[in-house]
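Worksheet: one structure, shown below.
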Amino acid sequence: MATARSNATGRAGGTPPAFRLLYWMLAAAAVLMALALPAEGRAEIVLSDAAGREVRLAAPARRIVTNESLILISLALVDADPVSRLAGWAAPQRIDRGMYDAYRRRFPAIDTVPAVGSVLPGKTSTEAILSVKPDLFVVSIWETGWTEIVATLEAAGVPVIFLDGPVNDGKGPAETTAFSVALLAKAVGQEAKGEAFGDFLRTRYKRITDRTAALEPVSVLVDAHAGATCCSTPGKGNRMTEYLRLAGGRSIGADVPGYDGQLSPEYVIGTDPTVYIATGGPHLAAQGGLVLGGGISEAAAQASFADILGKGMREALTAVHEGRAHAVSHQLSISVLNILIFECFAKWMHPDRFADVDPAETLAEINARFLAVPLEGTFWIDHKPQ
């Protein structure tokens, strides 16, 4: 038996020294070649964000902190478990309660996501962000106030991307929204899903803009965050004003300087716009304002809408008398799902030209093809005069 073991050992270790040396030389060369590969060859993700910055991630982000809780919807378009990627977020109350509850039913862990940072750079604590150990900080819109925060986070090894910013200036809602989704999707290793949603979005927007280019603009009042008084409205610097133009209308508040402003009742009545559109959300219930959004029934939304149309000077408008008064979820209009509101705008301003466009069908396809949690509730309604 001893002889047999000796012979076996001799065969196993009988590789000539020259061959063993060659083996180790080849192994060492393979290691050196791997180290010499460019970063992309080692699965590094290279991103170009909306501020025109090149950002590199060592791997798909798994622990995201964001200044905008509505990024949850963007993540849900490209990830089957979007909540698991959130290490922290700012102002989760910005998500309407019905939508939040829908995510909680599917992903109870949403209640454990810590609130860190802020929507605005001036109120953001880098210490709070770093305390949850993120591997990526995602900011909704670039502005100069974020510069110092970005420098601090990147010095601590946390990359930062901006989903919207100067790169998108002058681009319409289709490209701006598609860019933000594609950027986020690539950051989490879901590039193909981001591209698929972008293609869907461009097709949906194009079927509107191809027709509105030749149409006479319709005057429209956007009564933002509609409540007891009228009318706060998007201004010249607000993208909603541009979206209305692309959908075939012209906001009577288009010349208001800045992001938003107040229109006098006298001006509104004197202009008497062809179409009236109110925006609202569940958060306005406490103020007696327009309530619609996630988890809101159509009956409740209609009752709320009828109530605010009877306040102030709204009932004096021809659009209200003649059935051209409508309402939309303000939150949805500023979210990544703004195509739904864009389709509503086009239909309401040019009903004959867009009889074949149905936002409900678009939502059904988004729910079926993309969203991890279906969007359910009442997000737009038409006033039904008695």
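The values are calculated or read from the model by the stated rules, or taken from the named source; none is laboratory data. Predicted model only: the values in this text are computed from it and were never measured. When we count neighbours, we look across all protein chains shown, and the Cβ atoms used for this are built from the backbone with ideal geometry, even at glycine. Accessible surface areas use protein heavy atoms only, side chains included; no ligands, DNA or RNA. Shrake-Rupley method; radii C 1.70, N 1.55, O 1.52, S 1.80 Å.
Per-structure values
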| quantity | calculated |
| --- | --- |
| Gly293 on the phi > 0 side of the Ramachandran plot and crowded, with 17+ Cβ neighbours inside 10 Å | yes |
| Output for the stretch 236-284, where each listed residue is open to solvent by 60 Å² or more (accessible area, probe 1.4 Å) and assigned to a helix (DSSP H, G or I) | Arg239, Glu242, Arg245, Glu266, Tyr267, Ile269, Gly270, His283 |
| Condition met for Thr152 (out of contact with any strand residue (DSSP E or B) (no Cβ under 9 Å at 6 or more places or on another chain), farther than 27 Å from His330 by Cα and of a type in the set (Val, Ile, Thr)) | yes |
| Filter pass, Arg211 being open to solvent by 40 Å² or more (accessible area, probe 1.4 Å), in a helix (DSSP H, G or I) and out of contact with any Lys or Arg (no Cβ under 8 Å at 6 or more places or on another chain) | no |
| Matching option when the condition is of a type outside the set (Gly, Ala, Ser), assigned to a strand (DSSP E or B) and either open to solvent by less than 60 Å² (accessible area, probe 1.4 Å) or under 13 Å from Asn67 (Cβ atoms) (or both), among Val138, Val181, Val167 | Val138 |
| Only one of Glu216, Glu242 that is in contact (Cβ under 8 Å) with a residue 60 or more places away in the chain, farther than 22 Å from Ala306 by Cα and out of contact with any helix residue (DSSP H, G or I) (no Cβ under 7 Å at 6 or more places or on another chain) | Glu242 |
| Residues (closer than 22 Å to Ala355 by Cβ and loosely packed, with under 12 Cβ neighbours inside 10 Å) located in the stretch 187-205 | Thr203 |
| Set Glu365, Glu361: member being open to solvent by 50 Å² or more (accessible area, probe 1.4 Å), outside any loop (DSSP other than H, G, I, E, B), in contact with a helix residue (DSSP H, G or I) (Cβ under 9 Å, 6 or more places away or on another chain) and more than 18 Å from Pro217 (Cβ to Cβ) | Glu365 |
